[in-house]
Amino acid sequence: MATNLRDLLRSRKPGKSLPQEFYTDWRLFREDLRRVFHGNWIFAGHSCEVPEPGDYFILPVGEEELVVLRDKEGGLRAHFNVCRHRGSRIVAEPCGNTRALVCPYHQWVYGLDGRLTGARLMGAGFDKHEYRLRSGHVRELAGLIFVCLSPGEATPDFDAAVADIEPQLRPHGLDRAKVAVRDSYEVRANWKVLVENNRECYHCRVSHPEFCMSNYDLGLPGDSRSDEGYDNALEREYARWRELGLRPREVNFPGGDPYRVSRLPLKEDYLTESLDGRLVAPLMGELTDPRVGSLRIITLPNLWAHANCDYAVTTRLLPIGPELTRVDVCFLVREDAVEGEDFDPDRVAAVWRATSEQDWELCENNHAGIKSVAYEPGPFSEMTEGSVEAFAQWYLDQLHDTATKTRHVPDATTYLYEPEPSARPELDAKGA
């Protein structure tokens, strides 16, 4: 049955999962792209992926594509992959190095800074200065690249996130690291199902044996559980980390801002998130003592990361459709670490590869049930799922709040939501 956005928002009951349409409806998915992924700072990748001028990678966000690159002056830029002539995609390869961006259609040439430098056969009156590439906004945070697709100068505040996260992440040296392993997945679930799964550890003890070897299944905001062993470890390790100059401070979505940073202890005899507790690579960055726990970071809507003493892992979500999400899981080690001598890629990836793939199976199963006629929003646990409720409230606020958005948003009272065919017909054939 068709309904309007305002009624859908009102139909959501606090403390329960979202109504089915928020996970399955194509027009709501397009609103997610417009208001959430275009209107906020999203995680794009790592600065170590583009160390030299001309290095680039493509970032797909729904139907948009950005070319994230290092310019000749060493700065980071994010250009829309759209030629200003007639709209052709310019860059086809997912990553590489180039001295200029040349459209394959009519050979318009753009500098790395986005200026149009060559446009043949356009006549004497043509002004190249009017046709530079459209670009998104770019920020770097201790080796992590964030972009905002909103047009114009207005963007959500990012300074607070940098101030809270950067001092704690900087010692891990992600800006002086390299990607040792990259695992990519297409998960048959709405992107919000994946975030919700990440926001609770209600499922961890049974579903994630590798993760629970080194980690307590405690410590998330909104999770009221604790025990004496964890509390004592947290107090003891905080004192140690301060002595090491790590400046530990837990910051949980302050004032509704979409980020969290917290350094948490690992279990006794575990120096890192590995299967046996032993290091899997050399110490990273400025770290001199392996006993630094695990620094956890999340920035909504699409990043969570763990930085250990010897490696870091980042998980990036990119929505493809309402029922399909691309996930890239990257493992970083220090830049001078030698594969086969200093690290074994499979050992580096072991815990988080297993944990991630377990989560994708859980999420696909969860999404399949959400699609059923029997689904209705269920209650969140007051003991363990407070952070899932907080995410739901943040997400719904993105749909409620049109006044601060820089893109045009249709009137919620007249914008109807009706089922649309899948953009991936092969998925329909498989019963996705």
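Listing for the model above:
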| item | result |
| --- | --- |
| Selected residue (only one of 154, 160, 233, 189 is modelled with pLDDT of 95 or more and over 25 Å from residue 366 (Cβ atoms)) | 160 |
| Within region 73-127, strands (runs of 3 or more DSSP E) holding 1 or more residues that are at pLDDT 95 or above and touching a helix residue (DSSP H, G or I) at 6+ places or on another chain (Cβ under 6 Å) | 116-118 |
| Only listed residue being free of Cβ contacts under 8 Å to residues at least 24 places away in the same chain, exposed (fewer than 13 other Cβ atoms within 10 Å of the Cβ) and over 19 Å from residue 177 (Cβ atoms), chosen from 269, 276 | 269 |
| Test: residue 229 is on the phi > 0 side of the Ramachandran plot and of a type outside the set (Asp, Glu) | no |
| Matching option when the condition is touching a Leu at 6+ places or on another chain (Cβ under 7 Å) and surrounded by 19 or more Cβ atoms within 10 Å (Cβ to Cβ), among 263, 291 | 263 |
| Qualifying residue in region 325-346 (condition: surrounded by fewer than 18 Cβ atoms within 10 Å (Cβ to Cβ) and within 30 Å of residue 394 (Cα to Cα)) | yes |
| Qualifying residue in region 109-125 (condition: farther than 23 Å from residue 76 by Cβ and crowded, with 16+ Cβ neighbours inside 10 Å) | yes |
| Residues satisfying the stated conditions in region 15-42, i.e. farther than 21 Å from residue 364 by Cα and not charged (D, E, K, R) | 15, 36, 37, 38, 39, 40, 41, 42 |
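The values are calculated or read from the model by the stated rules, or taken from the named source; none is laboratory data. This is a predicted model, so every value here is computed, not measured. FYI the Cβ positions are ideal-geometry reconstructions off the backbone, even for glycines, and counts take in every protein chain you see.
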